[in-house]
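I have placed the structure first, in the form of structure tokens, so that the comments after it can refer back to it.
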Amino acid sequence: MGLRFEEIDWQPTPMGEISLRRRRHPVSGDEVYEVKLGDEFLMSSLFTTGEIALAELALARLPDADLDVAVGGLGLGYTAQAALDDPRVRSLTVIDALAEVIDWHQRGLVPLGARLTSDARCRLVHGDFFALVADPSGLDPQQPGRRFHAVLLDVDHSPRHVLHPRHAALYQPAGLRALADHLHPGGVFALWSNDPPDEQFASALSEVFAQAAAHVVDFDNPLQGGTSANTVYVAVTEPN
């Protein structure tokens, strides 16, 4: 890459202006991809540990069997790719509200785009994850009523810091019950959060799921120095 900074794409969306940027890291020289929604940073390829852990921690709770997985939020694709790296996953349905983000992957504008779109197990769906959760027809528009072994969610900054006010209902017991209805018995719901563990949300999970835990995921932060942390919540429905 000859340029130190490049705006690869910019599009107006119903949620605000979204942009995909690429820059060169001043120390390593590596290419860094960043996504902004308005003035807010949504994600960076510098910080992917939490997104990868979201898939790994969730799938670790499931048995050795063919797994159907749904992901809410495509982003740069690191959670989706971590799920596909697990050979037990036979199908992956990735739902994103922004067609522009899906288009980046289909056009190969982001590093993992070609891998995700060429994997026959993976399907990218343009849709509102939160609305689909609330709909009894479920998360897969092609198969109404379909259940999944795992549902992984990485859209909002945290249960308290949401990108849109209507998302907040999902993090309450009624919303979590609706989500649990789309899981098989013994299925897993996992959530990425940029905030420390939240006792109120953990309590809501425990009210709905048979088991629930918050995992703190530490990672190096070259921008600020030292380490930073995300939280990954993992909740399991009652088995048969």
### Query
Tally time: how many residues in segment 167-191 are crowded, with 17+ Cβ neighbours inside 10 Å and out of contact with any helix residue (DSSP H, G or I) (no Cβ under 9 Å at 6 or more places or on another chain)?
1
### Task
Starting from segment 168-194, keep only residues that are touching a residue at least 12 places away in the same chain (Cβ under 8 Å) and of a type in the set (Gly, Ala, Ser), then list their pairs with residues that are in a strand (DSSP E or B) and open to solvent by 10 Å² or more (accessible area, probe 1.4 Å) whose Cβ atoms are within a distance under 6 Å, requiring at least 6 positions of separation or different chains.
Gly187/His149
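Can you find a residue in segment 145-166 that is part of a helix (DSSP H, G or I) and surrounded by fewer than 17 Cβ atoms within 10 Å (Cβ to Cβ)?
yes
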### Task
Would you mind telling me which numbered condition in (1) touching a residue at least 12 places away in the same chain (Cβ under 8 Å); (2) surrounded by fewer than 19 Cβ atoms within 10 Å (Cβ to Cβ); (3) more than 17 Å from the chain's Cα centre (by Cα); (4) in a strand (DSSP E or B) Lys36 fails?
(3)
### Message
free of Cβ contacts under 8 Å to residues at least 12 places away in the same chain and closer than 26 Å to Leu62 by Cβ: which single residue out of Pro87, Pro136 fits that description?
### Response
Pro87
### Task
Output yes when any residue across segment 47-61 is without any contact (Cβ under 8 Å) to a residue 24 or more places away in the chain and out of contact with any Cys (no Cβ under 6 Å at 6 or more places or on another chain), and no when none is.
yes
### Query
Which condition number in (1) modelled with pLDDT under 95; (2) surrounded by 16 or more Cβ atoms within 10 Å (Cβ to Cβ) is the one that Phe130 fails?
(1)
### Exclusive hit being under 17 Å from Leu67 (Cα atoms) and touching a helix residue (DSSP H, G or I) at 6+ places or on another chain (Cβ under 8 Å), set Leu112, Leu139
Leu139
### Query
Could you count how many residues in segment 192-233 are in a loop (DSSP other than H, G, I, E, B) and either open to solvent by 30 Å² or more (accessible area, probe 1.4 Å) or at pLDDT 95 or above (or both)?
12
### Query
Is there a residue being crowded, with 17+ Cβ neighbours inside 10 Å and closer than 23 Å to Gln143 by Cβ anywhere in segment 47-56?
yes
### Task
Please enumerate the residues belonging to segment 139-156 that are farther than 19 Å from Leu57 by Cβ and touching a residue at least 12 places away in the same chain (Cβ under 8 Å).
Leu139, Asp140, Pro141, Arg146, Arg147
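Go through segment 113-144 and give me each residue that's assigned to a loop (DSSP other than H, G, I, E, B) and under 15 Å from the mean Cα position of the chain (by Cα). Don't jump to the end; show me each part of the working.
If we filter segment 113-144 for residues that are assigned to a loop (DSSP other than H, G, I, E, B), which is where we start, we get 119-121, 127-128, 135-144.
Residues satisfying the conditions are Gly127, Asp128, Leu139.
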### Message
Considering only residues that are assigned to a loop (DSSP other than H, G, I, E, B) and under 18 Å from Val217 (Cβ atoms), which ones fall in segment 78-112?
### Response
Asp85, Asp86
### Task
Scan (1) over 18 Å from Val162 (Cβ atoms); (2) touching a Leu at 6+ places or on another chain (Cβ under 8 Å); (3) open to solvent by less than 40 Å² (accessible area, probe 1.4 Å) for the single condition Arg88 breaks and write down its number.
(3)
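The values are calculated or read from the model by the stated rules, or taken from the named source; none is laboratory data. Remember, it's a predicted structure, so these values are computed and weren't measured experimentally. Glycine also receives a Cβ, built like all others from the backbone with ideal geometry; neighbour counts cover every protein chain displayed. The accessibility values were calculated without ligands, DNA or RNA, using every heavy atom of the protein model including side chains. Shrake-Rupley method; radii C 1.70, N 1.55, O 1.52, S 1.80 Å.
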